Structures are given as C-alpha cells and as structure tokens.
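The values are calculated or read from the model by the stated rules, or taken from the named source; none is laboratory data. On a predicted model such as this, the values are computed, not experimentally measured, just so you know. Don't worry about glycine lacking a Cβ; one is built from the backbone with ideal geometry, like all the others, and counts go over all protein chains shown.
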Amino acid sequence: MPVYLNALGLNCALGQGKQAVATALFAGDSSGMQAQTGWVAERALTVGAVPGDLPDLPELPGHPPSRNNQLLLAAALEIEPELRAAISRFGAERIAVVLGTSTSGIEEASQSIATYLKEGELPANYHYAQQELAEPANFLSDWLGLSGPCFSISTACTSGARALLSAQRLLNLGVCDAVICGGVDSLCRLTLNGFTALEAVSAERCNPFSVNRHGINIGEAAALYLMSREALPGCATVTLLGGGASSDAHHISAPQPDGLGAQAAMRKALAAAGIGADQVDYLNLHGTATTHNDAMESQAVQAIFPHGVPCSSSKSMVGHTLGAAGALEAAFCWLTLSEYNPEQLLPPHLWDGQADPALPALNLVQPGTRLSNSSAHRLMSNSFAFGGNNISLLLGDELSEAPGEPA
C-alpha cells in the first residue's frame, strides 16, 4: 500500500539541503559539475562533488570516520527534529533503517591499504568496518539510538531505490512503524578507476540521449527519508504510491538491448500504484549518457508511454551517484511536488539538443516547463543497474487506492 515520505534530507553536487538543491535543480544549474584531477592517473574527470564543509562525525565505538558517513550525517541533521519526534512517537525498537550504498568507506580503506603497501603497516585509525556495506545503516542507527531492523542494500545503481521499496514492504508487513531510508555514496578512486577501465566515463559534462553522448560522470550524494504508514504532524505529504522491480540478468554490466526488463519494472510500478501510463505527469530518466543505456531506455519509455511523457535526466547536473542515485532522483520528484517548487517547474534536461536519430524521440523537458494543472500529480523515477537490475518508483502528492504491493 502507499506510504508517506514525511521528511527529506539531502545533498549532492547541486548543494546541501532541500532549498539549495531545489533552487539549483529547477534553474538547470550544472555548475557543481567540475573537472578534478587525482581520481585517475594522468587525466582530469568531471565529477559531481558535494560543495561546502561537512559535519564532524561523532565518536561512536566501532564507527571509524569516512566521507560517506559525513554525507549521510549531513542529510540526517537536516531532518533530525522529524527523526527525533518519530522516535518519541513510535519507540526506538519500532523504527528501521534501510540504506542503499555501493562505496561505503572504500575510499578511506583504499588510502589505508596504500599506506600499508608503502610503509608496511596500516594507519592507527584504520578499521575494516569502514568499508563494510552495512556501515552506513549501522552508523545511523547507532547515532540515533535505534534498535529496530537495520540493514544496507547494495544492488549497484538501484540500491537507493531498492531501499525505498524494501522500507515500504517492512511497513506493509507491520514489522515497524517508521523507516529511515534512502541512499548514500561518496566519490572514490575505486569506482572512478573501474568505470574508466570500462571506457564508460566522460571527461566532459555528460550529454544524455544526444547523438554526441560519450559516457557518464560520477557524483556523490546522500538522500534520506522518514517513511511511515501515516502522515506525521508537521511533515510533508508526498507519498510513495508504489514501485516495480525486475531482473533481466542479461549481462553483468550491459543492459538488455530491447529494454524488456526496464519495461517490466515500469509496468509493475504502474500496477502497484493502480494507475495508467497516461496518468504519469513526469518521468525522471536513468539517463546515464552511455551508448547502450540511453538506447535501451529510449525504447522502453516509448513502449510504456507511446503518446509521450515529459521526461529528463538529472545526471548532467549531479553525475551518476551510484548507490545513492535511485534515492536522490526520487528526491527530485519529491522536491517537484513540494513547497520548495512554488512555480511548479519540472527538472529540465540539459544536453546539446542534438538528438540521436537512431533512438525513439523523447519528450525531453525544456527549461521553464511546468507541471500539468491537474489536481493530483504522479511522477515516476527510473533506476537501472549492473546485472540487469531494474527499479521504477512512483511518487504522488496524494494517496491513491493502490491495489497491490511493490514487486
């Protein structure tokens, strides 16, 4: 059944906090995408780093410092009053933590290993826990003093979206009364060098769905929600109407060319929300700007939305934030439906405007385009990952009579 996304804390290349992110997002501000050296050998790469200082981490036993946890803490601090109120209302044992990640503290661990190779011993502050995928969820749970279910999900680029679906299922099963959920990933040399080895990284700002597209940019982000079955006092009323998941298992890193797995995820999301494709007001595309992903997604979107749907990729403004991407791009839908978007603008699609003639044409959002004037809005967000893992989420500004549970 649909659930409430009561509060949102986030940061990404667009800024820190909902207001900063919303202002830059709807203005189509890509200035956070900057060329940096030092991530890969002898090459500058355009990356989406979170600007500004991050909060100092508290001293929690068993939780060594990492930038990943700093990003997560910054997002949590933005909604700490709502989180503390939920703990008081439901009890620490009735609140779960479910987070998506793919990097955790691997950057700091890699630096420690480099020190070991050079000096023969690990730094005094090294601890294996910082690179464990469960670390972000464990850190947040311990910081808040929670004792409910706590786990991380790592399904590559669908991790953050999968965390939201898993959180919704926990609520629908009655396992808990609220879930703190989302995704977090920090920039790290391991992932940047890995994608560079795959020849998938662009040195310039990425160019989704263009005939001139030449690969992805990597970014970092945290997006954190407080989810519950009921609207909490003083909180927003954006809802997760439903979601759909599929796994086509076509290839370890390449998407299924015909997009059948992506179509299945979108169809399941529509069925879970109890709506038709013609009731979707906007689609946030996965839109990585790689040759194969954009081709596959174009075909899948045309199949589900034969009459078109306003859509855009956010990755030219924030980069591909990997394990955080599904939660972050759902957050862009959340912001679109919220008071942080008083002009009811849609996130614009930034590219060179040169469509690929080999791809089905998409209704890509121009700057200044607004939501429809309907009384209820429903926005979809796509996330696709290695291994053929596909997820679509549907957010709305009111509850619907959804007949099913998420797939």
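Computed values, structure above
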{"read-out": "Residue match in the stretch 384-391 (condition: crowded, with 24+ Cβ neighbours inside 10 Å, aliphatic (A, V, I, L, M), farther than 22 Å from SER210 by Cβ and within 22 Å of the chain's Cα centre (by Cα))", "value": "yes"}
{"read-out": "Residues of the stretch 303-336 that turn out to be assigned to a loop (DSSP other than H, G, I, E, B), aliphatic (A, V, I, L, M) and touching a Ser or Thr at 6+ places or on another chain (Cβ under 9 Å), as a count", "value": "0"}
{"read-out": "Residues located in the stretch 162-193, provided they are closer than 24 Å to THR46 by Cβ, touching a strand residue (DSSP E or B) at 6+ places or on another chain (Cβ under 9 Å) and part of a helix (DSSP H, G or I)", "value": "ARG189, THR191, LEU192, ASN193"}
{"read-out": "So TYR116, is it farther than 19 Å from GLU59 by Cβ, among the aromatic types (Phe, Trp, Tyr), surrounded by fewer than 18 Cβ atoms within 10 Å (Cβ to Cβ) and at pLDDT below 95", "value": "yes"}
{"read-out": "Of all residues making up the stretch 135-180, the number that are of a type in the set (Gly, Ala, Ser) and under 18 Å from GLY326 (Cα atoms)", "value": "10"}
{"read-out": "Condition check for ASP185: within 14 Å of the chain's Cα centre (by Cα) and of a type in the set (Asp, Glu)", "value": "yes"}
{"read-out": "Flag if PRO357 is buried (at least 17 other Cβ atoms within 10 Å of the Cβ), in a loop (DSSP other than H, G, I, E, B) and touching a residue at least 24 places away in the same chain (Cβ under 8 Å)", "value": "no"}
{"read-out": "Hits in the stretch 194-227 - residues which are part of a loop (DSSP other than H, G, I, E, B) and of a type in the set (A, V, I, L, M)", "value": "LEU198, ALA200, ALA203, VAL211"}
{"read-out": "Answer from GLY261, GLY219, GLY182, GLY244 - the residue that is more than 25 Å from GLU135 (Cα to Cα), buried (at least 16 other Cβ atoms within 10 Å of the Cβ) and at pLDDT 95 or above", "value": "GLY244"}
{"read-out": "Total residues in the stretch 108-158, condition closer than 20 Å to LEU224 by Cβ and either of a type in the set (Val, Ile, Thr) or in a helix (DSSP H, G or I) (or both)", "value": "16"}
{"read-out": "Residue check, GLU230 under 28 Å from ASP29 (Cβ atoms), part of a loop (DSSP other than H, G, I, E, B) and of a type in the set (Asp, Glu)", "value": "no"}
{"read-out": "Which numbered condition ARG378 fails, given (1) more than 25 Å from SER202 (Cβ to Cβ); (2) at pLDDT below 95", "value": "(2)"}
{"read-out": "Any hit, the stretch 1-10, residues being in contact (Cβ under 8 Å) with a residue 60 or more places away in the chain, small (Gly, Ala, Ser), under 21 Å from SER383 (Cα atoms) and in a strand (DSSP E or B)", "value": "yes"}
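Yes/no per residue for (1) in contact with a strand residue (DSSP E or B) (Cβ under 8 Å, 6 or more places away or on another chain); (2) surrounded by fewer than 23 Cβ atoms within 10 Å (Cβ to Cβ); (3) modelled with pLDDT under 95:
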position: ARG94; (1), (2), (3): yes, yes, no
position: GLY100; (1), (2), (3): yes, no, no
position: GLU132; (1), (2), (3): no, yes, yes
position: ASN138; (1), (2), (3): yes, yes, no
position: SER141; (1), (2), (3): yes, yes, no
position: PRO149; (1), (2), (3): yes, yes, no
